[in-house]
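In what follows, a structure is listed as structure tokens, so that the remarks can point back to it.
The values are calculated or read from the model by the stated rules, or taken from the named source; none is laboratory data. All values derive from a computational prediction rather than experimental measurement. Positions of Cβ are backbone-derived with ideal geometry, glycine not excepted, and every protein chain shown enters the neighbour counts.
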Protein chains: 2
Amino acid sequence: MSKRSRLNRRASPGALILLGLCLTRLPAAASPQAVLSFQKYADIAERIRISGLESETAFQMLRELTTKAGPRLTGSAAAARAVEMTRMMMKDMGFETWLEPIMVQHWVRGVEEARLVDTDPPGTSALKITALGRSVPTPGPGLTAPVIEVRSFEELQKLGLRVKDKIVFFNKRMNPAPMDTFSAYGEAAQFRSLGASEAARAGAAAVLVRSATLRTDDFPHTGMVQYDPQIPKIPAAAVATADADRLSDRLRNGAAVNVFLRLGCRELPPVPSANVVGQIRGTERPEEIILVGGHLDSWDLGTGAHDDGAGCVQAMEAVRLIKDLGLRPKRTIRIVLFMNEEFGSSGGRDYADAARRKTERHLAAMESDRGGFLPLGFGIGGSRETFDKLKAWEPLLQPSGILWVRPGGGGGDIGPLARTGTVLMGFVPDSQKYFDVHHSALDVLDSVHPRELELGAVIMAIMAYGLAQEGI
Amino acid sequence: MSKRSRLNRRASPGALILLGLCLTRLPAAASPQAVLSFQKYADIAERIRISGLESETAFQMLRELTTKAGPRLTGSAAAARAVEMTRMMMKDMGFETWLEPIMVQHWVRGVEEARLVDTDPPGTSALKITALGRSVPTPGPGLTAPVIEVRSFEELQKLGLRVKDKIVFFNKRMNPAPMDTFSAYGEAAQFRSLGASEAARAGAAAVLVRSATLRTDDFPHTGMVQYDPQIPKIPAAAVATADADRLSDRLRNGAAVNVFLRLGCRELPPVPSANVVGQIRGTERPEEIILVGGHLDSWDLGTGAHDDGAGCVQAMEAVRLIKDLGLRPKRTIRIVLFMNEEFGSSGGRDYADAARRKTERHLAAMESDRGGFLPLGFGIGGSRETFDKLKAWEPLLQPSGILWVRPGGGGGDIGPLARTGTVLMGFVPDSQKYFDVHHSALDVLDSVHPRELELGAVIMAIMAYGLAQEGI
């Protein structure tokens, strides 16, 4: 066996990675320069990961955000506090920062109460519920009405006017079968967003919606109602899954069950708020922007630790890692903490509109808004050519746990940037546990793991730096 | 474009999977029969996953095991209870069951206490410690000695006889940098297993060992001491990481710190125990065995939910899934719940010895003993040929979340079977959080997620069934 073939047989994993990279990325055989340059990125990617895992700074930031600002419902005093706080955090890290003012809804939660009426045995009548976002209140002291259960819009339609003056109870169980829990969520959440108007169309008095979670527990999960402007608005609340099962049991065999519902929530006039921006300016092409972000607003039942405190601190931590390692990106890396995602993503739309007005050039945008869980994959949007080019960077991400790179990418806040040619991308974390906590009182710091959270920041940092150096 | 090439272009993911399978598995182009047969397995794999995720039965089993048997320290009454209980569980599921008697160590934990002596301010002197398994007790009322800190065996060696009559404090921090936390664990755990004899060699009075976890908290993590039979045995305890940091702070700049240590643990005479076996007999080749397993014994600080209650219930659940779906495997699928892994894996050795004596033929063995976390990969041992053949089954595992199949496989309990040609394999779960709870009071049911746990059983079931039908 020649010395050369022996060397080939004993190629290190690093060499194999280089080979894979060269095959897919470089037009011809890899030049020594290309290999050298790739090795430089591999070294930087490793330094980023080690630095992140050693410091777990993203978690420290999240502790600060969730304890000092707390739940950050759009339009609330806490959301305003979070705007100031995150801006200061970014200033302290040495980033250029500013606010981009927007107007936001100001819905406030009030008293909320539901119970089974005329129930037996006594003491078991309270139902764990919470108002859905933007829900109108019940009339004054509350309403009492018979409950009618449905599991689909088809069932509702068949009932026709029989739901008049009743409380329609959407009791569609989230499907445990798909590995990607987001697909099951999409199916279940339509009743939360559209159920109120669909039921009101036939004269229903209110809706109760089974919480969108795979767990059976006592925590209602909220989320926004999308009222049809042509239809009268009726009160809408989520019911915890354990109580949804109990209510369903009571209704079995056509039994008559009355529920008392009282919601004191209401919509106040819009208030000024802001998207929070921070950046490190590129040394060679500062006008070309790589955006990393999350949304700063959250629901109010927990502290929005996963949704989307995680995404916000990951974006900030990604840029901190780059900066504190002394890396000086050629293009600008910008953090945007979007406001008002939960009430319709107006922060994302306003940001994209402003960017267009200012003729800013966003090459790529990454958003983390699927929870601070273990990153498993990376999605890349844009053209096939773009995908092929960036797919070649996979070996930079693999040592930090990314197991696949596939076409696709986006996010509620960065979506509007796609219209101006920005390539949307982002890491995809494990989704098994997200809906356990999503939009509920369980979405708190304690449900986030420091390493998993940090790894998201590490992935963002590696990709953002690569994009800042190489462009697209 | 011809109709045929249009069909090719629009090949479904399923068809691509088939193609991949055929290329690697079948000698020539795929025959329609082979395609049909693979589709049958793909359908079965999907039914297994859906059935598992809908029922989450593994978690119900784990609740029963951890609440009713509790911590299952080898030789304890609780371990004996677990033997009876799991045998009954398997009987109730309709499996053939028996016990394979073995003798096991019987070490008992007694009083344990450590504190800084002559400390100031008062009230901050207690150190959170726990005896390491098989540790000898301290002399009668405890011992007090100066503490000397080391971070490596080299440092210890350099100190020479200066450690005489002192408490050697091994304070090696677990390295957060590797993605695979098991590699960092291996490095840190050597001080726990070998530190006592290394220190005793130079006359030390006792050892304190920093707990092997990446968290900084108040929970000591135990594990077994391997005393060198040539060296006097000295007491050995693990100290919680927060207190290890505190102790290290006190020792800074050569300050003299005395610690009082009292351990009442002791070794009692060996007691009879058993490996618990259950199986469904193969319909065509019952003499060929596919083994799935975990170890039934655990440490005593938590309830051994991840380590290794998870593996035990996953093995039982894998076979339950197969049976309850009405599948009738051609070869025997056998569950073995091994006893006494934590005190030296004698259950696994005794099982392999007995199998050899009975000339039983174990084709393959899978063990789950890396926690009940999200399965990410699958390792296959044995020859390159075996690997290539089984690698072709990857498409059966992917829909249930397996992102890679690589060479490698094994486990403390099934390892001894390799000598008789058994192919060792198993799924590899995410390792980010395992050492947070491992061997500590945090290893309880609450730290296990029902879906993640179930997915391990699903992966085991798919592979066990495939192997039972196809052989190796």
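So, A:Gly326, is that one in the same structural domain as A:Arg63 (by TED's automatic domain parsing) and either aliphatic (A, V, I, L, M) or buried (at least 16 other Cβ atoms within 10 Å of the Cβ) (or both) or not?
Answer is no for this residue.
Condition first: closer than 21 Å to A:His221 by Cβ and without any contact (Cβ under 8 Å) to a residue 60 or more places away in the chain. Now tell me which residues in region A:247-265 satisfy that.
Across region A:247-265, the qualifying residue is only A:Asp249.
Could you list all residues from region B:209-225 that are more than 14 Å from chain A (Cβ to nearest Cβ) and free of Cβ contacts under 8 Å to residues at least 60 places away in the same chain?
B:Arg210 - this is the single residue of region B:209-225 that is more than 14 Å from chain A (Cβ to nearest Cβ) and free of Cβ contacts under 8 Å to residues at least 60 places away in the same chain.
On the given criteria, is A:Lys358 at pLDDT below 95 and surrounded by fewer than 22 Cβ atoms within 10 Å (Cβ to Cβ)?
No, not satisfied.
Name the residues in region B:75-123 that are over 30 Å from B:Arg266 (Cβ atoms) and not assigned by TED's automatic domain parsing to the domain that holds B:Val313, would you?
Matches in region B:75-123: B:Asp120, B:Pro121, B:Pro122, B:Gly123.
Any residue in region B:452-468 that is acidic (Asp, Glu), touching a Leu at 6+ places or on another chain (Cβ under 8 Å) and over 21 Å from B:Phe338 (Cβ atoms)?
Yes: one or more hits.
Scan the strands (runs of 3 or more DSSP E) fully inside region A:69-184 and keep the ones with 1 or more residues being without any contact (Cβ under 8 Å) to a residue 24 or more places away in the chain.
The strands (runs of 3 or more DSSP E) meeting that bar are A:143-150.
Assess whether B:Glu187 counts as being at pLDDT below 95 and acidic (Asp, Glu).
When the stated conditions are applied, B:Glu187 passes them.
From the set of residues in region B:163-215 that are of a type in the set (Asp, Glu) and closer than 19 Å to B:Arg370 by Cβ, which is farthest from the chain's Cα centre (by Cα)?
Among residues in region B:163-215 that are of a type in the set (Asp, Glu) and closer than 19 Å to B:Arg370 by Cβ, the one farthest from the chain's Cα centre (by Cα) is B:Glu187.
For B:Leu403, all conditions in the list (1) out of contact with any Lys or Arg (no Cβ under 9 Å at 6 or more places or on another chain); (2) within 13 Å of chain A (Cβ to nearest Cβ); (3) buried (at least 23 other Cβ atoms within 10 Å of the Cβ); (4) more than 19 Å from B:Val292 (Cβ to Cβ) hold save one; what is the number of the exception?
(3)
I'd like to know if region B:31-41 contains one or more residues that are buried (at least 19 other Cβ atoms within 10 Å of the Cβ), away from chain A (no Cβ under 14 Å), modelled with pLDDT under 95 and closer than 27 Å to B:Leu374 by Cα. Let's see the steps before the verdict.
Narrowing region B:31-41 to residues buried (at least 19 other Cβ atoms within 10 Å of the Cβ): B:38.
Subset that is away from chain A (no Cβ under 14 Å): B:38.
Adding the requirement that they be modelled with pLDDT under 95 leaves B:38.
From what is left, the residues that are closer than 27 Å to B:Leu374 by Cα are B:38.
Within region B:31-41, one or more residues are buried (at least 19 other Cβ atoms within 10 Å of the Cβ), away from chain A (no Cβ under 14 Å), modelled with pLDDT under 95 and closer than 27 Å to B:Leu374 by Cα.
Could you tell me whether any residue of region B:196-208 is within 30 Å of A:Glu454 (Cβ to Cβ) and surrounded by fewer than 20 Cβ atoms within 10 Å (Cβ to Cβ)?
Looking for residues that are within 30 Å of A:Glu454 (Cβ to Cβ) and surrounded by fewer than 20 Cβ atoms within 10 Å (Cβ to Cβ), one finds none in region B:196-208, hence no.
Considering only residues that are away from every other protein chain (no Cβ under 14 Å) and charged (D, E, K, R), look in region A:406-459 and name the one that is farthest from the chain's Cα centre (by Cα).
Step by step, filter region A:406-459, then rank; the result is A:Arg419.
With the structure loaded, tell me whether A:Met425 is buried (at least 22 other Cβ atoms within 10 Å of the Cβ), out of contact with any Gly (no Cβ under 6 Å at 6 or more places or on another chain) and closer than 15 Å to A:Glu367 by Cβ or whether it fails that test.
no
Mind telling me which of the residues A:Ser345, A:Ser368 ends up being at pLDDT below 95 and of a type in the set (S, T, N, Q)?
Details: A:Ser368 fails: at pLDDT below 95.
Going through A:Ser345, A:Ser368 in turn, the sole match is A:Ser345.
Of all residues in region B:388-410, count the ones that are part of a helix (DSSP H, G or I) and not acidic (Asp, Glu).
9
Which residues, taken from region A:152-190, are out of contact with any Ser or Thr (no Cβ under 7 Å at 6 or more places or on another chain), surrounded by fewer than 16 Cβ atoms within 10 Å (Cβ to Cβ) and within 11 Å of chain B (Cβ to nearest Cβ)?
A:Ala177, the sole residue that qualifies.
Please go through region A:379-400 and give me each residue that is surrounded by fewer than 20 Cβ atoms within 10 Å (Cβ to Cβ), under 24 Å from B:Arg406 (Cα atoms) and more than 18 Å from the chain's Cα centre (by Cα), ordered by number.
A:Lys391, A:Ala392, A:Glu394, A:Gln398, A:Pro399
Taking region B:358-372, which residues are in a strand (DSSP E or B) and either without any contact (Cβ under 8 Å) to a residue 12 or more places away in the chain or hydrophobic (A, V, I, L, M, F, W, C) (or both)?
Matches in region B:358-372: B:Leu363, B:Ala364, B:Ala365, B:Met366.
Going by the conditions given, is B:Asp307 closer than 25 Å to B:Ser440 by Cα and assigned to a loop (DSSP other than H, G, I, E, B)?
For B:Asp307, the condition - closer than 25 Å to B:Ser440 by Cα and assigned to a loop (DSSP other than H, G, I, E, B) - is not met.
Would you confirm whether any residue within region B:344-355 is crowded, with 24+ Cβ neighbours inside 10 Å, closer than 23 Å to B:Gly466 by Cβ and of a type outside the set (Lys, Arg)?
Quick first cut of region B:344-355, residues crowded, with 24+ Cβ neighbours inside 10 Å only: B:347-348, B:351.
Going one step further and asking which of them are closer than 23 Å to B:Gly466 by Cβ, we end up with none.
Within region B:344-355, not a single residue is crowded, with 24+ Cβ neighbours inside 10 Å, closer than 23 Å to B:Gly466 by Cβ and of a type outside the set (Lys, Arg).
Among the residues of region B:272-289, is any more than 30 Å from B:Asp165 (Cβ to Cβ) and of a type in the set (Ser, Thr, Tyr)?
Yes, region B:272-289 has at least one match.
Can we say B:Ile44 is within 14 Å of chain A (Cβ to nearest Cβ) and either in contact with a Pro (Cβ under 9 Å, 6 or more places away or on another chain) or among the β-branched types (Val, Ile, Thr) (or both)? Outline the logic, then answer.
Values: within 14 Å of chain A (Cβ to nearest Cβ): no; either in contact with a Pro (Cβ under 9 Å, 6 or more places away or on another chain) or among the β-branched types (Val, Ile, Thr) (or both): yes.
No.
Just checking, does region B:380-402 include any residue being closer than 25 Å to B:Glu342 by Cα and without any contact (Cβ under 8 Å) to a residue 60 or more places away in the chain?
Of region B:380-402, the ones closer than 25 Å to B:Glu342 by Cα are B:380-381.
Those left that are additionally without any contact (Cβ under 8 Å) to a residue 60 or more places away in the chain: B:380-381.
Checked region B:380-402: at least one residue is closer than 25 Å to B:Glu342 by Cα and without any contact (Cβ under 8 Å) to a residue 60 or more places away in the chain.
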